[in-house]
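A short worksheet on the structure shown next.
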Amino acid sequence: MKKLIIEGKKELTGTIKIGGAKNSVVALLPAAILSNGKSVIYNVPNISDVDKLNEMLKSLGADIKYENDVIEIDTKNLKNQAISKEHSSSIRASYYFMGALLSKYHRAVISYPGGCTIGSRPIDFHINGFKKMGATVKIRDNTYTITAKKLHGADIYLDFASVGATINIMLAAVLADGKTHIWNAAREPEIVNVASFLNSMGAKIKGAGTNSITIEGVKELNNGIVEVIPDRIEAGTYLMIGILLGKDLIIDGVIKEHLESVITKLKETGAEFTIKGSKIYVSKAKHLTAVNLKTLVYPGFPTDLGQPMSTLLTQCEGESLFEETIYENRMRHVKHLNDMGAKIHLFDNSAIITGKTELYGEEVIATDLRAGAAMLVAGMIAEGTTTISNIEHILRGYENVVDKLTKVGAKIELVDD
Ligand code: EPU
């Protein structure tokens, strides 16, 4: 177990370079097995989820070359095998092997996926989608055996615009017979990134990025190439840190369009920053005012930035109402923020945050990945020293976080427990 020790209130100057998006790369890696040739993935972030997915790919026989931020995957020795329980339960994105293996081999054996405990997180939309395409699903001892003599196109309506189900159904449909239509598809930029990768292999996917996606099945997929889009959640987190502590801080490598809801909401608080091309220039705000915030599916305010944003709201004058609408259990960081001096009243999945409050260094826990980000922001602005334990969660999603922050002036250290 590792801990982060942060000495707060340090001014931040310089440039933070944003890495590739976690929630893209975790789908791109399993998608690579669909190629009958080689795939190259550029701008891969240095996060532990990538290492875990590489292990899973290797367990299937994939040859992997990983140098700097480029991964080359050769599938010539690939064999369909069960993904071990240990692997599947280690991260959420292991579920993308369901769609990918089913598509390629018409059989996938894999246990229930792991990931942050931020809600019940069922996978019924994924499973119903596979069934509509002709698959049979048996569940025993938490292990899913998904088989199909033949996969055929289908009309699939998602009851909720789920990111995972949209991608998993796309993976299953690219090699199916005929046309699949996903209605009420999720529109997150990560889905467009995955569709581009599959199309580079020869898939025929149209409409990714809208709520209506069509996939015309093809016979086979060949060499693929893709660049992972910048991580909009990492960028949003550092932008918030910049608003609280920056002095001419530059967040570099941002796609502004992916962050519209976040940029608009942050400007509403009175934060001042300018965007030129792919760079955001940000300095500490003179005065921040309370705003109401509700997390929603894209292009709404992302749930993955709700927790760090709630830390920023503790520094806004007045009462903010913060509502989390995607997950039932994404407020566990609130107790720790209150321990640090915040005034947050929690009811169900909503919180009233009264600011501005001084935060003080404490021993806190990263209860999940984005709770960890909330604690990181809190520790950076707190008076004194904050120790965050369980930071394995943070390392799953924020590449080289200690180096990136130290380089711009933070006092932050990673220590073994
Ligand atoms: N849902 C169902 N049934 C399903 C699928 C989803 O009820 O079959 C519900 C979920 O329980 C949740 C909502 O639908 O309440 C949205 O879930 P979604 O499927 O969109 O989320 P996900 O695919 O499990 C991905 C990211 C999450 C991110 C969400 C929303 C990955 C591996 N995970 O999760 O990332 O919060 O989309 O954008 O891509 C994170 O990075 O911290 C994180 C949790």
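The values are calculated or read from the model by the stated rules, or taken from the named source; none is laboratory data. What you see is a predicted model; the values in this text were computed from it and never measured. FYI the Cβ positions are ideal-geometry reconstructions off the backbone, even for glycines, and counts take in every protein chain you see. Heads up: the accessible areas ignore ligands, DNA and RNA and are worked out on the full protein's heavy atoms, side chains in. Shrake-Rupley method; radii C 1.70, N 1.55, O 1.52, S 1.80 Å.
Numbers below:
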item: Simple spin-label estimate for LYS149 and LYS411 in nanometres, 7 Å along Cα-Cβ; result: 7.0
item: For the stretch 22-227: relative contact order, % (alpha-carbon pairs under 8 angstrom, 6 or more apart); result: 21
item: Share of Cα-Cα pairs in the chain lying beyond 34 Å, as whole percent; result: 30
item: Extension gain, TYR42 back to PHE160 (0.36 nm per residue minus Cα-Cα distance, nm); result: 39.4 nm
item: Antiparallel DSSP beta bridges within the chain, percent to nearest 5; result: 70
item: For the chain, calculated [θ]222 nm from helices alone, where every DSSP H run of n ≥ 4 adds -39500 (n - 2.57); result: -9000 deg cm²/dmol
item: Whole-Å distance, taken between Cα centres, linking the stretch 148-209 and the stretch 223-279; result: 28
item: Share of carbon and sulfur in the accessible heavy-atom surface of the chain [1.4 Å probe, %]; result: 48
item: Between helix 303-313 and the chain: long-axis angle, C-alpha atoms, 0 to 90°, nearest 10; result: 0
item: At most 10 other Cβ within 10 Å, DSSP loop - chymotrypsin sites (Phe, Trp or Tyr not before Pro), the stretch 176-276; result: none
item: Length gained when the stretch GLU358-LYS294 is fully extended (0.36 nm per residue, less Cα-Cα span); result: 20.6 nm
item: Relative contact order for the chain, counting Cα pairs under 8 Å that sit 6 or more residues apart, in percent; result: 21
item: For the stretch 312-417, alpha-carbon Rg relative to the globular expectation (2.2 N^0.38 Å, N residues); result: 1.06
item: Coordinate range along principal axes, alpha carbons of the stretch 90-162, Å, largest first; result: 35, 25, 19
item: Angle between the chain longest axis and helix 163-173 axis [Cα atoms, degrees, rounded to 10]; result: 20
item: On Cα atoms only, tilt of 96-105 relative to the major axis of the chain in degrees; result: 10
item: The stretch 107-121-the stretch 4-83 distance, computed between alpha-carbon centres (Å); result: 19
item: Gain in span if fully extended, TYR105 to LEU346, counting 0.36 nm per residue against the direct Cα distance; result: 82.0 nm
item: Ratio Rg/Rh, restricted to the stretch 22-227 and using Cα atoms, in which Rh is the Kirkwood radius; result: 0.92
item: Relative compactness, the stretch 4-51, computed as alpha-carbon Rg over 2.2 N^0.38 Å; result: 1.70
item: LYS256 versus LYS138: modelled label distance in nm, points set 7 Å from Cα along the beta carbon direction; result: 5.6
item: Pair THR274, LYS179: separation of 7 Å Cα→Cβ label points (nm); result: 4.9
item: Evaluated at q = 0.09, 0.11, 0.18, 0.21 Å⁻¹: base-10 log I(q)/I(0), Debye formula over Cα of the stretch 243-359; result: -0.24, -0.36, -0.94, -1.21
